[in-house]
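So the structure is just underneath, and the comments pick up after that.
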């Protein structure tokens, strides 16, 4: 073997030895991750497990080199401040706060602990960070379902029901913001559809909103993503069915529970990808240096059982585009 080839071989061999050694050293130190989620039943547990699976893929094994402090609000978002305080008191290396309200609860408690999120529609428009490419500060994660998707949902409704002329948007009056409504107005105007804007937050307000939607003669409904609406999911789906309103949602699992149409990101994949950000922070990268990623995979799901119950016919155009059709 020539001297040059021998040198290259030794360098390569050294690299192979150093990498496992570095990993072993990292694995030898127990790190702590706090997790603050809205709820665990059904989707919540699935998403948490997706994040844990992503961490295992990167060498972080719960009970071996990783401790996870998991807190869930049981769907009661007003518990977030209390739970965030408990997590911060445990002094984790990083906190995984999945939603907008959870992130706010954590950042109200500390500005020193890195925070990763996985279910925020648009962290720039909501004011959490200044830009996706270099968020700065303590926040990073995966953005799911940016505002422009709301306009896409109006387009899908129009394609599904070609004669559609009046669409109501049930928006979260506490956090939707003028920016999100502006996008919707522009999309509706482009499609020649009148947009009926009705805001709500609590369960009682949602009931009142549907009464207004009926009075204003909406022919279909769009429900943008909101953590407040997630905890009212069954009420919203039932009200849409009671008022015989064809509705489109952001969260795919709503269609499995009786919603008509959903178009949105694959949340399970997004939560699994958030493990990448947690891993990088645990290995020393500042959260603010990690670009916020955007969901790359979106799905269209249609429930034909609900369509029949509502007495509507979904166009073949949309059925052929659907990733999944519930018969």
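Taken over the stretch 162-175, the criterion of being in a strand (DSSP E or B), more than 20 Å from the chain's Cα centre (by Cα) and in contact (Cβ under 8 Å) with a residue 60 or more places away in the chain is satisfied by 168 alone.
Note on the stretch 278-327: residues that are at pLDDT below 95, under 30 Å from residue 52 (Cα atoms) and in contact with a helix residue (DSSP H, G or I) (Cβ under 8 Å, 6 or more places away or on another chain) total 4. The condition (being in contact (Cβ under 8 Å) with a residue 40 or more places away in the chain, more than 21 Å from residue 200 (Cα to Cα) and part of a strand (DSSP E or B)) is satisfied by just one residue among 300, 222: 300. The condition of being closer than 16 Å to residue 156 by Cβ and modelled with pLDDT of 90 or more does not hold for residue 238. Considering 132, 144, 101, the condition of being within 20 Å of residue 285 (Cβ to Cβ) and under 18 Å from the mean Cα position of the chain (by Cα) is satisfied by 132 alone. Say whether the condition of being in a helix (DSSP H, G or I), closer than 26 Å to residue 112 by Cβ and modelled with pLDDT under 80 is met by at least one residue in the stretch 26-36. Scanning the stretch 26-36 turns up at least one residue that is in a helix (DSSP H, G or I), closer than 26 Å to residue 112 by Cβ and modelled with pLDDT under 80.
Do the conditions hold for residue 165, that is, is it crowded, with 19+ Cβ neighbours inside 10 Å, at pLDDT 90 or above and either touching a strand residue (DSSP E or B) at 6+ places or on another chain (Cβ under 9 Å) or closer than 30 Å to residue 60 by Cβ (or both)? I'd like the intermediate steps shown before the answer.
On the way: crowded, with 19+ Cβ neighbours inside 10 Å: no; at pLDDT 90 or above: yes; either touching a strand residue (DSSP E or B) at 6+ places or on another chain (Cβ under 9 Å) or closer than 30 Å to residue 60 by Cβ (or both): yes.
Judged against the criteria, residue 165 is not a match.
Mind checking whether some residue in the stretch 99-115 is buried (at least 19 other Cβ atoms within 10 Å of the Cβ), in a strand (DSSP E or B) and in contact with a strand residue (DSSP E or B) (Cβ under 6 Å, 6 or more places away or on another chain)? Yes - at least one qualifying residue is present in the stretch 99-115. Applying the condition of being assigned to a helix (DSSP H, G or I) and modelled with pLDDT under 90 to the stretch 116-156 and asking which residue is farthest from residue 240 (Cα to Cα) yields 148.
When residue 159 is tested against the conditions (1) touching a residue at least 24 places away in the same chain (Cβ under 8 Å); (2) outside the structural domain of residue 190 (by TED's automatic domain parsing); (3) not in a loop (DSSP other than H, G, I, E, B), the lone failure is (2).
Residue by residue, here is whether (1) in a loop (DSSP other than H, G, I, E, B); (2) in contact (Cβ under 8 Å) with a residue 60 or more places away in the chain; (3) crowded, with 23+ Cβ neighbours inside 10 Å holds:
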{"site": "229", "(1), (2), (3)": "no, no, no"}
{"site": "238", "(1), (2), (3)": "no, no, no"}
{"site": "254", "(1), (2), (3)": "no, no, yes"}
{"site": "269", "(1), (2), (3)": "no, yes, no"}
{"site": "272", "(1), (2), (3)": "no, yes, no"}
{"site": "280", "(1), (2), (3)": "no, no, no"}
{"site": "306", "(1), (2), (3)": "no, yes, no"}
{"site": "314", "(1), (2), (3)": "yes, yes, no"}
{"site": "318", "(1), (2), (3)": "no, yes, no"}
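In this structure, does residue 127 turn out to be exposed (fewer than 15 other Cβ atoms within 10 Å of the Cβ) and closer than 25 Å to residue 276 by Cα? Yes. What are the residues in the stretch 210-227 that are surrounded by 19 or more Cβ atoms within 10 Å (Cβ to Cβ) and at pLDDT below 95, if any? Scanning the stretch 210-227 gives 223, 224, 225, 226, 227. Out of the residues in the stretch 186-209 meeting the condition of being over 19 Å from residue 159 (Cβ atoms) and part of a helix (DSSP H, G or I), tell me which one is modelled with the lowest pLDDT. Checked the stretch 186-209; the qualifying residue modelled with the lowest pLDDT is 203.
Scanning the stretch 46-92 for residues that are assigned to a loop (DSSP other than H, G, I, E, B), within 19 Å of the chain's Cα centre (by Cα) and in contact (Cβ under 8 Å) with a residue 40 or more places away in the chain yields 75, 76.
The values are calculated or read from the model by the stated rules, or taken from the named source; none is laboratory data. Everything numeric here is computed off the predicted structure, so don't read it as measured data. So basically every Cβ, Gly included, is an ideal-geometry build from the backbone, and we count neighbours across all protein chains shown.
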